[in-house]
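Here's the structure, in structure tokens; my notes come after.
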Amino acid sequence: MKLGTPALALLTAALGATLVAGPVYADQARYPDPADATASLTDIRAVAVQHGPKRLTVKVRFTDLRARSTGGPSGLSIGIDTDATLRGPEFRLTTGLQSGTDYQLVAVEGGDVIGDPLTCAHKVRLDFAGDRLAFAATRACLGHPDSVRVAVLMRDEFDSSHPVTDWLGAPRSYTDWIASS
């Protein structure tokens, strides 16, 4: 089929509008993780990230999340990268993974914490029956980023001389960039 100049111009304009106006990234993504930290009950098995118009939500599923662990304490860090032009995350959530542990969200620059823990709207919920952690922060808390990516690290201290670590994906890796819807 041969397109004439008017038809070709119309097709080009339609494709151009679609490509420019369409979102570059999805507003949510799910990342499976293999059973690669089998020495720990809190081996990361999957992470789901949703970057909505009002909040960022990160849900982490574990092998066996327990309120009280005879296997020793474990914790989780989520690095939140909001600026592709800067190296590393701009925010970090740290939390324990047992009942009664605390959490904090901090601003980070070059790997170093800046100032006191943030008091803006954010929360962590541990679901021991479902082996899940859910973290949510308002986009305002994170400076209203257009897109984010996250790095997730679990550290199990059952034997502090040989801690078990588990990254989502490869060590020090991030998810894809996820745009706000």
Original post:
Of the conditions (1) in contact (Cβ under 8 Å) with a residue 60 or more places away in the chain; (2) over 20 Å from residue 37 (Cα atoms); (3) in contact with a strand residue (DSSP E or B) (Cβ under 7 Å, 6 or more places away or on another chain), residue 145 fails just one. Which one is it?
Top reply: (3)
Original post:
Looking at residue 119, is it within 22 Å of residue 51 (Cα to Cα), surrounded by fewer than 17 Cβ atoms within 10 Å (Cβ to Cβ) and under 17 Å from the mean Cα position of the chain (by Cα)?
Top reply: no
Original post:
If the Cβ limit is 8 Å and pairs must be 6+ apart or interchain, which residue in the range 150-169 that is under 16 Å from residue 135 (Cβ atoms) and modelled with pLDDT of 95 or more pairs with which residue that is part of a loop (DSSP other than H, G, I, E, B) and polar (S, T, N, Q)?
Top reply: 150/175; 151/173; 151/175; 154/40; 154/42; 168/175
**OP:** Taking residue 95 as meeting all but one of (1) under 15 Å from the mean Cα position of the chain (by Cα); (2) among the polar types (S, T, N, Q); (3) within 16 Å of residue 142 (Cβ to Cβ), write down the number of the exception.
**Re:** (3)
Original post:
Within the range 101-116, which residues are at pLDDT below 95 and either surrounded by 15 or more Cβ atoms within 10 Å (Cβ to Cβ) or under 21 Å from residue 61 (Cβ atoms) (or both)?
Top reply: 101
Original post:
Within the range 44-76, can you find the residues that are closer than 18 Å to residue 173 by Cα, in contact with an Asp or Glu (Cβ under 8 Å, 6 or more places away or on another chain) and crowded, with 21+ Cβ neighbours inside 10 Å?
Top reply: 44, 47
Original post:
Which one of the conditions (1) under 15 Å from the mean Cα position of the chain (by Cα); (2) farther than 15 Å from residue 126 by Cα does residue 77 fail to meet, given that it meets all the rest?
Top reply: (2)
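The values are calculated or read from the model by the stated rules, or taken from the named source; none is laboratory data. The structure presented is a predicted model; accordingly, all values stated were derived computationally and were not measured. Here the Cβ is made from the backbone with ideal geometry for all residues, glycine too, and neighbour counts use every protein chain on show.
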